[in-house]
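J.: Structure below; questions to follow.
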Amino acid sequence: MASTTAGNLVGRVFMPSELRFAAMPPLALYIHLPWCVRKCPYCDFNSHLAPESKLREVGVPLVSDIQRVDMNPSSAGEQGFAESLPMDLQRRYLNALVADLDQQLPKIWGRKLYSIFIGGGTPSLFAPELIDELLGAVRARLGMPQSGEITMEANPGTFEQARFEGFREAGINRLSIGVQSFSDSHLKALGRVHNSGQAVAAVRSAVALFDEVNIDLMYALPHQNVEQALADVAQAVALNSTHLSLYQLTLEPNTLFAAKPPPLPDDDTLIDIEEAVHKAAKEAGFEQYEISAFAKPGHRCQHNLNYWGFGDYLGLGAGAHAKISYPNRIEREIRHRNPMAYMEEMEGAAQPLEVRTLAVRELPFEFMLNALRLIDGVPESWFVERCGRPLSDLQKPLKQALSKGLIETQPGLFKPTELGFRFLNDLQEMFLAS
Ligand code: SF4
């Protein structure tokens with residue numbers, strides 16, 4: 001494994017290549033817009049309080065909050081959202097993103113973009129005209145098919161909803177809405193700034209404007225039972241989105257919920273909820289194609305499929321990660337997590353914070369970590385195409401996984417068995433370099 005820091009790239013010497021690529025993997029672009037009007041207590045994403053936000057970081061909700069319904073659209077406190085992220089800061093960040101992109105171009109000359117994903121944070125805090133400029137800058141530098149998927153994450157507040165049309169005009173063709181729940185009491189327990197009425201209105205508006213709409217829902221929420229979780233899925237289904245992402249609420253280190261955990265459902269209830277929401281989504285015509293992803297036929301998320309299939313992606317923005325293949329190596333990059341440090345870096349040397357070349361022995365685990373999440377499995381040939389290595393690299397762990405009944409023996413395909421999906425971490429770890 002080779003690791004280097006910004007400014008230390010010149011003069012690196014690479015050994016004769018141990019990788020053989022017939023062609024470079026598909027290339028996607030991820031852009032991180034890091035600010036939110038408030039930090040949610042469960043969130044471990046690289047999100048930062050918008051500098052002028054009037055909403056302080058939420059405290060851990062009380063049990064009484066979880067059982068009480070006292071939000072309505074007029075009390076949601078959206079006044080000031082527009083001012084929470086001043087335009088001069090938005091513009092400075094946009095300039096940093098473009099400087100970052102310019103610096104990346106020599107690494108990907110001649111390659112076309114397959115998809116773009118603008119995530120956060122809350123990207124919909126950015127003005128539509130800035131998103132338009134951002135996508136214009138990308139288009140001016142990189143080719144992308146007309147039909148290429150361009151996703152943006154948005155919160156379902158009234159403030160964001162008013163901007164959806166502008167985002168579509170800017171070129172966004174897929175909206176991913178962070179609803180999390182349609183229950184006011186659960187939204188309050190999660191410290192969210194929107195309420196269920198706003199979420200319903202936002203999804204309706206998105207479905208009217210975009211052909212591709214994802215709803216993010218979380219389950220196993222504080223005090224949640226099976227019926228309540230099913231009610232969330234039923235509401236999402238009724239709103240006619242094309243895609244559902246169903247995530248279990250987990251307590252992540254360094255979050256307020258980890259410091260003071262809310263009362264989550266016990267293990268038996270959790271399993272009941274998970275089985276019930278998956279079944280409900282499938283019965284409503286959504287195909288499960290990844291552990292957490294469900295899509296109507298023909299509406300799978302192309303960007304995430306590339307990511308799960310070990311495709312390449314550029315990563316622009318604070319804390320963004322990238323994975324880029326070269327004829328002789330595969331590199332991962334990380335950028336400064338702090339937006340101010342990121343902008344300062346991009347206004348100067350415009351180098352990633354860290355660049356790491358993956359060792360050949362790391363590739364089996366790197367590949368399987370995401371590929372094994374795909375419900376239909378992945379073609380064996382993708383390992384050869386995207387890692388530049390022969391299938392013999394996988395022989396030992398595959399034999400072990402087969403003997404334990406964790407992976408199927410279908411020719412030409414890597415696919416976990418039902419047992420394999422249940423013990424996915426164990427299965428993935430078998431591919432770790434010993
Ligand atoms: S809105 Fe999303 S990114 Fe922002 S703090 Fe909440 S969970 Fe994190």
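The values are calculated or read from the model by the stated rules, or taken from the named source; none is laboratory data. Every value quoted in this text rests on a predicted model; they were computed, and no experiment measured them. Glycine gets a Cβ as well: all are built from the backbone with ideal geometry, and neighbour counts include every protein chain shown.
J.: List pairs: first in segment 110-136 and more than 16 Å from the ligand (Cβ to nearest atom), second of a type in the set (Asp, Glu), Cβ under 6 Å, 6+ apart or cross-chain?
T.: SER115/GLU149
J.: Do you know which residues across segment 40-56 are near the ligand (Cβ under 8 Å from one of its atoms) and either of a type in the set (Gly, Ala, Ser) or without any contact (Cβ under 8 Å) to a residue 40 or more places away in the chain (or both)?
T.: If the condition is that a residue be near the ligand (Cβ under 8 Å from one of its atoms) and either of a type in the set (Gly, Ala, Ser) or without any contact (Cβ under 8 Å) to a residue 40 or more places away in the chain (or both), then SER47 is the only one that fits.
J.: Is it fair to say GLU149 is in contact (Cβ under 8 Å) with a residue 60 or more places away in the chain and either at negative phi or polar (S, T, N, Q) (or both)?
T.: On the way: in contact (Cβ under 8 Å) with a residue 60 or more places away in the chain: yes; either at negative phi or polar (S, T, N, Q) (or both): yes.
Judged against the criteria, GLU149 is a match.
J.: So if I check each of ALA199, ALA189, which one is in contact (Cβ under 8 Å) with a residue 24 or more places away in the chain, buried (at least 19 other Cβ atoms within 10 Å of the Cβ) and within 30 Å of GLY148 (Cβ to Cβ)?
T.: Testing whether each residue is in contact (Cβ under 8 Å) with a residue 24 or more places away in the chain, buried (at least 19 other Cβ atoms within 10 Å of the Cβ) and within 30 Å of GLY148 (Cβ to Cβ) leaves just ALA199.
J.: Among the listed residues GLN351, GLN410, GLN400, identify the single one that is touching a residue at least 12 places away in the same chain (Cβ under 8 Å), loosely packed, with under 15 Cβ neighbours inside 10 Å and outside any helix (DSSP H, G or I).
T.: GLN410
J.: Kindly indicate whether ASN195 is polar (S, T, N, Q) and either at pLDDT below 95 or in contact with a helix residue (DSSP H, G or I) (Cβ under 7 Å, 6 or more places away or on another chain) (or both).
T.: yes
J.: Sticking with this one: Mind checking which residues of segment 211-236 are part of a helix (DSSP H, G or I) and within 13 Å of the ligand (Cβ to nearest atom)?
T.: Applying the first criterion (part of a helix (DSSP H, G or I)) to segment 211-236 yields 226-236.
If the condition is that a residue be part of a helix (DSSP H, G or I) and within 13 Å of the ligand (Cβ to nearest atom), then no residue fits.
J.: Can you tell which of VAL10, VAL69 is more than 29 Å from ALA433 (Cβ to Cβ), away from the ligand (no atom under 16 Å from the Cβ), modelled with pLDDT under 95 and outside the structural domain of LEU264 (by TED's automatic domain parsing)?
T.: Residue meeting the stated conditions: VAL10.
J.: Still on this structure, I have one more. Out of (1) out of contact with any Gly (no Cβ under 9 Å at 6 or more places or on another chain); (2) modelled with pLDDT of 95 or more, the odd one out for PRO379 is which?
T.: (1)
J.: Quick one: is SER205 under 19 Å from GLY157 (Cβ atoms), crowded, with 22+ Cβ neighbours inside 10 Å and of a type outside the set (Asp, Glu)? Can you show your working first?
T.: Numbers: under 19 Å from GLY157 (Cβ atoms): yes; crowded, with 22+ Cβ neighbours inside 10 Å: no; of a type outside the set (Asp, Glu): yes.
Against the criterion (under 19 Å from GLY157 (Cβ atoms), crowded, with 22+ Cβ neighbours inside 10 Å and of a type outside the set (Asp, Glu)), SER205 does not qualify.
J.: For segment 161-198, enumerate the residues that are small (Gly, Ala, Ser) and over 26 Å from LYS260 (Cβ atoms).
T.: ALA162, GLY166, ALA170, GLY171, SER176, GLY197 - these are the residues of segment 161-198 that are small (Gly, Ala, Ser) and over 26 Å from LYS260 (Cβ atoms).
J.: Might you check whether a residue that is among the aromatic types (Phe, Trp, Tyr), assigned to a helix (DSSP H, G or I) and under 30 Å from ASN95 (Cβ atoms) occurs anywhere in segment 199-210?
T.: Among the residues of segment 199-210, not one is among the aromatic types (Phe, Trp, Tyr), assigned to a helix (DSSP H, G or I) and under 30 Å from ASN95 (Cβ atoms), which makes the answer no.
J.: Which residues, taken from segment 231-243, are in contact with a Lys or Arg (Cβ under 9 Å, 6 or more places away or on another chain) and either at negative phi or not polar (S, T, N, Q) (or both)?
T.: So in segment 231-243, the residues in contact with a Lys or Arg (Cβ under 9 Å, 6 or more places away or on another chain) come out as 239-243.
Within segment 231-243, LEU239, SER241, THR242, HIS243 qualify.
J.: Based on what the data block shows, is ASN370 among the polar types (S, T, N, Q), surrounded by 20 or more Cβ atoms within 10 Å (Cβ to Cβ) and part of a helix (DSSP H, G or I)?
T.: So ASN370 fails the test.
J.: Can you tell me which residue among TYR326, TYR342 is under 23 Å from MET24 (Cα atoms) and not hydrophobic (A, V, I, L, M, F, W, C)?
T.: TYR326
J.: Do we have ALA433 as part of a helix (DSSP H, G or I), more than 24 Å from the chain's Cα centre (by Cα), more than 16 Å from ILE291 (Cα to Cα) and of a type in the set (Gly, Ala, Ser) here?
T.: For ALA433, the condition - part of a helix (DSSP H, G or I), more than 24 Å from the chain's Cα centre (by Cα), more than 16 Å from ILE291 (Cα to Cα) and of a type in the set (Gly, Ala, Ser) - is not met.
J.: Another one. Of everything in segment 139-166, what is among the aromatic types (Phe, Trp, Tyr) and within 16 Å of the ligand (Cβ to nearest atom)? Give them in sequence order.
T.: Scanning segment 139-166 gives a single hit, PHE159.
J.: Identify, from the list ILE324, ILE330, the residue that is under 22 Å from the mean Cα position of the chain (by Cα), modelled with pLDDT of 95 or more, within 30 Å of THR417 (Cα to Cα) and not assigned by TED's automatic domain parsing to the domain that holds PRO411.
T.: Working: ILE324 fails: within 30 Å of THR417 (Cα to Cα).
So the residue among ILE324, ILE330 that is under 22 Å from the mean Cα position of the chain (by Cα), modelled with pLDDT of 95 or more, within 30 Å of THR417 (Cα to Cα) and not assigned by TED's automatic domain parsing to the domain that holds PRO411 is ILE330.
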